[in-house]
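In what follows, a single structure is set out as structure tokens and then discussed.
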Amino acid sequence: MAQTTPSGGAPAGQRAAGGENPWAASGTLFAGVLMLVEGVLGILKGIVGIAKDDVYASVGDYTFKFDVTAWGWIHLIVGIVLAIVGVGILKGMAWARGAGVAIAGLDIVLNFLWLPYTPLWALISIAIGVFIIWALCTDTGNARVRT
């Protein structure tokens, strides 16, 4: 028996009654949680970078070389913003979706530049950022969003 495809493009049974994709709707909630967690991790990375310069491995002549204390301040500020936007997404605030895409994109770039210092965590943070952007851009359910 073949599945019919409604005008929305997804096979029948894969869309909720309101026409939204349940994976994307659940993904938005999970993206808010991930932003909150990524923000807390960014705050911790920032505090460690500010407190002790010798915690992270020193990198030779890296193109995007900053002092580890400078990186610590960058991660601390971005972590705070990520956590605030994550709370906004969990509360369903309309401004948080656009801000979430923007700050997650910035976090991806920063973690790419941070790659030589902590490669595994930077790659994990990049993957989390890509998922956050996907979830926030694919969920079209505006019924939950409050201004």
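Laboratory data are not the source of any read-out in this text; all were calculated from the coordinates shown. Bear in mind the structure is a predicted one, so any value in this text is a computation, not a measurement. Cβ coordinates were reconstructed from backbone atoms using ideal geometry, including for glycine residues, and neighbour counts include every protein chain displayed.
When you restrict to C-alpha pairs under 8 Å that are six or more residues apart and normalise by the size of region 67-147, the relative contact order lands at 31 percent.
For the peptides 118-124, 38-44, the ranking by mean Cβ contacts within 10 Å, running from highest to lowest, is 38-44, 118-124. Counted by Cβ distance under 9 Å from Ile132, the other residues give a net charge of -2, where Lys and Arg count +1 and Asp and Glu count -1.
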